[in-house]
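J.: Just passing along the structure, written as structure tokens.
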Amino acid sequence: MFKLKAQNGRNNICGQNLTKLRHEKGWSQRRLARELQLAGYDVDHHFIRRIENGQRFVTDMELVILSEVLQVDITNLLDFSIPIVCPDFD
């Protein structure tokens, strides 16, 4: 089984923007995790760290709750300039 990755080796295309948006709000990773918990999504700061570091894949449902909690359009989380690497199917 293959996994899609960003060309930079990350498992998502939202981590860097998530960091930027979180910093713009002046929130720590713990604060963002707490805000997500208040919205009903049980996560901790390790969840945020792994997304921001590109270690974790992010589901569409997670993108929705992140955008709601950060009060941004979902497209603000995504970096469409990052190329996606698709395995060759010869």
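J.: Mean-square fluctuation check for the chain, GNM, Cα pairs under 10 Å: which of I74, I13, I51 is largest?
T.: Maximum fluctuation in the GNM of the chain, among the listed residues, is at I74.
J.: In terms of modelled amide H atoms, which long-range or inter-chain residues lie less than 5 Å from the amide H of V85?
T.: K5, A6, Q7
J.: On the full set of protein chains, 1.4 Å probe, figure out the accessible area of V85 and give it in Å² to the nearest 10.
T.: Approximately 70 Å² of V85 is accessible to the 1.4 Å probe.
J.: For the pair C86 and L38, how long in nm is the line joining their label points, each one 7 Å along Cα→Cβ?
T.: Calculated label separation equals 4.1 nm.
J.: Separate question: Can you bin the stretch 7-59 into rounded, prolate or oblate? Criterion: square roots of the alpha carbon gyration tensor eigenvalues sorted a ≥ b ≥ c, rounded for a/c under 1.5, prolate for a/b above b/c, oblate for the rest.
T.: Verdict is oblate for the stretch 7-59.
J.: With θ taken as phi - 60° and the coefficients 6.51, -1.76 and 1.60, list the Karplus ³J(HN,Hα) couplings across the stretch 47-64 in order, rounded to whole Hz; mark glycine and proline as x.
T.: Once rounded to whole Hz, the list reads 4, 5, 4, 5, 5, 4, 7, x, 7, 10, 6, 10, 7, 5, 5, 5, 4, 4.
J.: If you average the C-alpha positions of the stretch 1-29 and of the stretch 42-72 separately, how far apart do those two centres end up, in angstrom?
T.: 8
J.: Further, regarding this structure: So what is the relative contact order of the chain, in percent, for Cα pairs below 8 Å that sit 6 or more residues apart?
T.: On the way: 101 pairs, mean separation 40.3, N = 90.
Across the chain, relative contact order equals 45 percent.
J.: Kindly report, to the nearest 10 Å², the accessible surface of D44 as traced by a 1.4 Å probe over protein heavy atoms only.
T.: About 70 Å², ignoring ligands and nucleic acids.
J.: Which of the aspartates and glutamates could be linked to K5 by a straight reach, that is with a Cα gap under 20 Å, when you skip same-chain ones fewer than 8 residues away?
T.: Cross-link targets: E52, D60, E62, D79, D88, D90.
The values are calculated or read from the model by the stated rules, or taken from the named source; none is laboratory data. These figures come from a predicted structure and were not determined experimentally. Ideal geometry is used to build each Cβ from the backbone, glycine not excepted, and the neighbour counts take in all protein chains shown. Ligands, DNA and RNA are excluded from the accessible area calculation, which covers all protein heavy atoms including side chains. Shrake-Rupley method; radii C 1.70, N 1.55, O 1.52, S 1.80 Å.
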